[in-house]
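The values are calculated or read from the model by the stated rules, or taken from the named source; none is laboratory data. Every value quoted in this text rests on a predicted model; they were computed, and no experiment measured them. Please note: Cβ atoms are built from the backbone with ideal geometry, for glycine as well, and neighbour counts cover all protein chains shown. These accessible areas exclude ligands, DNA and RNA; they are computed on the full protein's heavy atoms, side chains included. Shrake-Rupley method; radii C 1.70, N 1.55, O 1.52, S 1.80 Å.
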Amino acid sequence: AFPDAERRLLTNMPTHSNAPAAFSVLQGSGLVHGYMDYPWQTRSLRELARLWWKIVRFRPQVVVYLMGKRGRNSLKRDAAFFRLCGAGEVIGLPTGDLAEPLYDASTDLWEHEGARLVRCLRGRLGEVNLRDPANWDLRLTAEEEQRARAALAHVQGRPLIACGPGTKMQSKDWGRENWRALLTRLTREMPEHGLVLVGAKEDAETAEFIARDWNGPVINECGKLTPRETAAVLRDAELFLGPDSGPMHLAAAYGVPCAIVYASRTRRGHWFPIGDGHRVVYHTVHCSLCELETCIENRKKCITSVSIDEMFSATLHAWKNGENQEKVIEIRSVN
């Protein structure tokens, strides 16, 4: 829509030590040319003044608004702030039903967040086909692809399974004993496959633990790759295993079938992996939709109630049905 414009990303600083900055996913793609950051949920007048001055000096003509759910007063405040920064136009403000994902009773799934954002932008930018893989291309550089080839040299010529067991939220953590048991069963079904483990530096020890019984070659790249290099590695995998996480979205962006154990802290479908060929195991419990990052009282019942048998079945189906692009969501109510 703006091919000749200088495009900069305005983004908050990561709130978790093992969460990469948004710009690190786009840097080098040509989709954006730079970024401006700000502290998450800041109310500091000094920080807001610093941000205002950054934006004023950039002199934006258009602001494309891609925020998540916001209250009406927050939307008015944000729009006023950008006008104060000199922006001539703010597009994508989610008014009315644009602020909430739609519900599809036929599938019992909520609208994907990407689809909601597209609805917000449709009036100004036109239609965007989220099922077109070209719209998820991260435009990896030759250097990033070379780094991925070097990382996978040990498994060259073998089929590859990828696993990213880590998550920045305690409430999404299935537990390393579960992941180890799952991989131990899977390696009997996939004796010729190599295993690559991805994630943050903090996930490296867990990755080593869960892969101890894998029969084929194992590569632990946790903390060694940038998000974009991780995407380049995942692109070569036949399957991705993990919780709801950044690596899951990177794999899905390149059409890799995903088998995901999913905490029901958010609505079914809203943040599921995009595209077809995935298996998501999601249990509905009495405390679902809590949006908790840390769950103590109910001991993560929604995700700990997912059995190894369920994930084993989901993994085999995702693996075998990947070529058929069959998307199946496993949903169960648990008392």
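Show that you can apply the helix-only estimate: for the chain, add -39,500 (n - 2.57) for every DSSP H stretch of four or more residues, divide by all residues, and state [θ] at 222 nm to the nearest 500. Spell out each step's value before the answer.
Working: 11 runs with 109 residues, N = 335.
Theoretical 222 nm ellipticity from helices: -9500 deg cm²/dmol.
In nanometres, what is the gap between the two model label sites at R70 and S305, each 7 Å from Cα along Cα-to-Cβ?
Going from the R70 label point to the S305 one covers 3.6 nm.
Hey, can you grab everything whose amide H is under 5 Å from the amide H of T284? Only 5+ residues off in sequence or another chain; H modelled, so Pro and N-termini drop out.
Amide H neighbours of T284, under 5 Å, 5+ apart: R332, S333, V334.
For region 114-261, what number results from the quotient of the Cα radius of gyration and 2.2 N^0.38 Å? All intermediate terms of the calculation are to be shown ahead of the outcome.
Values: Rg = 16.2 Å, N = 148, 2.2 N^0.38 = 14.7 Å.
Normalised Cα radius of gyration, region 114-261: 1.10.
Once both labels are modelled 7 Å past Cα along the beta-carbon direction, what's the C287-M36 spacing in nm?
In this crude spin-label approximation the distance works out to 4.1 nm.
Classify the chain as rounded, prolate or oblate from the Cα gyration tensor: take a ≥ b ≥ c as the square roots of its eigenvalues, call it rounded if a/c is under 1.5, otherwise prolate when a/b beats b/c and oblate if not. Could the numbers behind the result be given before it?
Numbers: a/c = 1.82, a/b = 1.48, b/c = 1.23.
Note, shape of the chain comes out prolate.
With charges only on Cβ, +1 for K and R and -1 for D and E, what is the dipole size of region 7-162 about its Cα centre, in debye, rounded to 20? Kindly include the intermediate steps, with their values, before the conclusion.
Details: 23 positive and 16 negative charges, 170 e Å.
Using Cβ point charges on Lys, Arg, Asp and Glu, region 7-162 gives about 820 debye.
For the charge dipole of the chain, defined by +1 on Lys and Arg C-beta atoms and -1 on Asp and Glu C-beta atoms about the Cα centroid, which residue among F2, A314, G269 has the Cα displaced farthest towards the positive pole?
F2
Identify the trypsin sites (Lys or Arg not before Pro) of region 79-169 meeting these criteria: DSSP loop state and at most 16 other C-beta atoms within 10 Å of the C-beta.
Working: sites: R83, R116, R119, R122, R124, R131, R139, R147, R149, K168; in loops: R131, R139, K168.
The qualifying sites are R131, R139.
Over the chain, what is the relative contact order in percent, taking alpha-carbon pairs closer than 8 angstrom and at least six residues apart?
On the way: 589 pairs, mean separation 48.3, N = 335.
Computed value for the chain: 14 percent relative contact order.
Any idea what the dipole of the chain comes to, in debye rounded to 20, about its Cα centre with Lys/Arg Cβ at +1 and Asp/Glu Cβ at -1? Walk me through the intermediate numbers first.
Working: 44 positive and 41 negative charges, 265 e Å.
Computed about the Cα centre, the dipole is about 1280 debye.
Report in % the part of the accessible area of the chain that belongs to carbon and sulfur, leaving out ligands and nucleic acids; probe 1.4 Å. Write down the numbers at each step before the final one.
On the way: 8710 of 17470 Å².
Carbon and sulfur: 50 percent of the exposed surface of the chain.
Keeping every protein chain in place, order S264, S288 by accessible area at 1.4 Å, biggest value first, i.e. largest first. Display every interim value, and only then the final one.
Working: S264 0, S288 30 Å².
Ranked list, largest accessible area first: S288, S264.
Which shape class applies to region 86-150: rounded if a/c is under 1.5, otherwise prolate when a/b exceeds b/c and oblate if not, where a ≥ b ≥ c are the square roots of the Cα gyration tensor eigenvalues? Walk me through the numbers on the way to the answer.
Details: a/c = 3.01, a/b = 1.48, b/c = 2.03.
Here region 86-150 falls in the oblate category.
Looking at the chain, how many pairs of lysines come closer than 15 Å at the Cα, when each pair is eight or more places apart or spans two chains?
Details: K168/K201; K168/K300; K172/K300; K172/K301; K201/K224.
Lysine pairs satisfying the spacing and distance rule in the chain number 5.
Report the normalised scattering of region 19-111 as log10 I(q)/I(0) at q = 0.10, 0.12, 0.13, 0.21 Å⁻¹, calculated by the Debye formula with identical scatterers on the alpha carbons.
Ignoring solvent entirely, the Cα scatterers give -0.36, -0.51, -0.59, -1.25.
Given the Cα-Cα distance of E202 and A79 and 0.36 nm per residue of separation, how much length would full extension add, in nm?
Working: separation 123, 0.36 × 123 = 44.28 nm, distance 3.82 nm.
Additional length available on full extension: 40.5 nm.
With a/c under 1.5 counting as rounded, go ahead and sort region 213-263 into rounded, prolate or oblate using the C-alpha gyration tensor (a ≥ b ≥ c being the square roots of the eigenvalues; past the cut-off, prolate if a/b is larger than b/c, else oblate). Intermediate results must be reported in sequence, preceding the final value.
Values: a/c = 1.43, a/b = 1.11, b/c = 1.28.
Rounded.
With unit charges on the beta carbon (Lys/Arg positive, Asp/Glu negative), name the residue among A134, G175, C163 whose Cα is farthest towards the positive pole of the charge dipole of region 132-187.
Farthest along the dipole direction, towards plus: G175.
Which whole-angstrom value gives the distance between the alpha carbon centres of region 117-190 and region 258-293?
Taking the Cα centre of each part, region 117-190 and region 258-293 sit 16 Å apart.
Want the number for H270 to N129: 0.36 nm per residue separation, take away the alpha-carbon distance, what's left? Intermediate results must be reported in sequence, preceding the final value.
Details: separation 141, 0.36 × 141 = 50.76 nm, distance 1.71 nm.
My answer for the length gained is 49.1 nm.
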